[in-house]
Every structure is written in structure tokens, then in C-alpha cells.
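Notes follow once the structure below has been shown.
Bear in mind these aren't lab numbers, they're just calculated from the coordinates by the rules spelled out. For clarity, every value in this text was computed on a predicted model and none was experimentally measured. Note that we place each Cβ from the backbone using ideal geometry, even for glycine, and neighbour counts take in every protein chain shown.
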Amino acid sequence: MSVGSETELGRGLEATRKRRHRDCEPWTLGESVQEALGLMHYKLLRKPLVEKMRRDRINSSIEQLKSLLEKEFQKNEPNSKLEKADVLEMTVNFLKQQMRPQLRKPLVEKLRRDRINSSIEQLKALLEKEFQKHEPNSKLEKADVLEMTVNFLKQQMRPQVDYDRGYSRCLQETLQFLSLCSPHKDAQVQLISYFSGIPKAAEVPCCPTATSSPKQERPDAQGALWRPWQSS
């Protein structure tokens, strides 16, 4: 008898002795030996059955994989008889291809967040004085940096917008005044020619009466600054 068998026998005897003692039954060595031997015999008979069931499960899963991925196998190994190892390897490769977009998505998300964080850090460095002016002692969150950047850009762009509006308003009122009050139609033409020669982003309104004037503009209209009140 091997050492393992003796150990199993000892455990069986001890378990039987404790059970007999608990139930107040008379304990005999012969019965305990028979019970322990029966337990060992059961385990020896059960082990091949368990192994057979395990192998059956493996074989069944491999056959199902072959059926599910039959087209993939035909593409890579059209005329060969696939072994179990081949089926498992090709299954792994197929799953890798299918899961590649899912594995790539976190990487793309990380790159996107890194770009956002980098841009926010650069904004903090560029507008550091502006942030110190409004929030000198506070730790700026990302939302704070973006909000203050928007406000700063609005302030920087407002003078240009106001200038454009004022320029257009002034020109419009001047043309309206000349069309109503000035008897000199050529003054309107010269004024329009002068302001049209200045680079300007805003659209310059044009007076209908001025454009319909038959008179030609003077050759010196594009020269020195022309003053309509000095016209003869």
C-alpha cells in the first residue's frame, strides 16, 4: 500500500471513529477499514469518469468553434484537416481582430484627453497675468480656465467690433446729411470715392441719390484728405 493510500485510510478511520463516538455507537476496527476502503474505491472509480467528462466538454467546445468560425477556417486553411491546436489558435486570432477596435478606443480617448489637457495648460501659461488679476489665490479648474479665456477674447475683440459699427454709422449719417442738405452732388460722389479707397472690413452703405449722379469724380479725389465743407 502506498503512502497516499495509507493517508486516505487513516483519515477514513478517524472520520468513522468520530462519527461512532458522536452517535454513541460501538466502534469496531473492521467496519471502519471496510468503510475507508469503500471510499477509496469510489474515488478511484470516479476519477476516470470525471476525466472523461472534462475531455468531452473540451471536444464539444472545439467542435462548436469549428462550426461557428467555419468560413474563417476555410479562408486560412482551405484544404487542411484542422487539429485542436489549430482551431484554438485561429479562434484566438479571430477574436483579436474583432476586439482590436474595442482595444483601440481607450487609447484614442486617452490621446484626446491629453490634447485637451495640453491646450488648457498652454492657455494658463499664456494668460497667467489675466488669471492672477481675477483669481490670484485660487486653484483654477479646467472650466475656470476656459471661461476666463472666452471672456478675455471677448474683451480683446470688442474694440474692433465697436470701431466697425461706429465707422459704418458715421459714414451712413454723413451720406444722409449730404443727400438732404448739400446742393453739391459731386461732394457725395467724392466722399464715397474717398471712403471706398480706405481698407475696411465693414460693408459701406451707398446712397441711391449719390450713385445716380451723372457727374464724374475729380482726379484729385484720391489724393490728400478731402473736406466736403471746403468744396466750392
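Descriptive notes on the structure:
- Fewest-first ranking of Leu44, Leu68, using other Cβ atoms within 10 Å as the exposure measure: Leu44, Leu68
- Computed E for Leu68/Arg46 - FRET, C-beta separation, R0 30 angstrom, nearest 0.05: 0.35
- Those GluC sites (Glu not before Pro) in region 78-178 that DSSP places in a loop and that have at most 14 other beta carbons within 10 Å: Glu83, Glu141
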